[in-house]
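Coordinate-derived values only; no laboratory data. Since the structure is predicted, the reported quantities are computational estimates derived from the model, not experimental observations. Note that each Cβ is placed from the backbone with ideal geometry, even for glycine, and that neighbours are counted across all protein chains shown.
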Amino acid sequence: MNRAAYSKVEGTTYERSGREKWRANALETRCGNTDTVSPDDALSSFAVEAYKVAYQEGELPAQVMMADVTPFNQETITDMERTQFWTMPDAEDVLQECHYIDFDGACKGN
C-alpha cells in the first residue's frame, strides 16, 4: 500500500486524492509517515509521525500546515516590485526559479 495515498481521520481510513495526495507525497518524501489533520485546499494540515511535540498530557505528532499556491509568471513582476529585492544579491535567479506563490506572496520552486 502506498502510505501517502491513504490517511486516517478520527479512526476511519480513506483514500487521499487531488492536492491532499500531492502534498502528502511531497511531505512524506522528506519527513516519513503523515496523517491528514485537515485536507482543506486553502490551508491543509498534516501530522508528522516521526517528530513528536511534548505536552503535559503526553506526546503528539508535530503538525505541518501547507497553504495553497498559485502559478507565478516571472514576466508579470513590475520594475517597482523588483526594487523590493534590493538586499538580495541573487534576486533575479530566485525569480527565475519561482513558479508558484503562496497566500502571503512567498515564492515557491517547481
If the chain between residue 57 and residue 69 were fully extended at 0.36 nm per residue, the gain over the current Cα-Cα distance would be 0.8 nm
Residues 72, 46 in order from fewest to most other beta-carbon atoms within 10 Å are 72, 46
Length gained, residue 93-residue 49, 0.36 nm per residue minus C-alpha separation, equals 12.3 nm
Most exposed first, judged by fewest Cβ atoms within 10 angstrom, 23, 30 run 30, 23
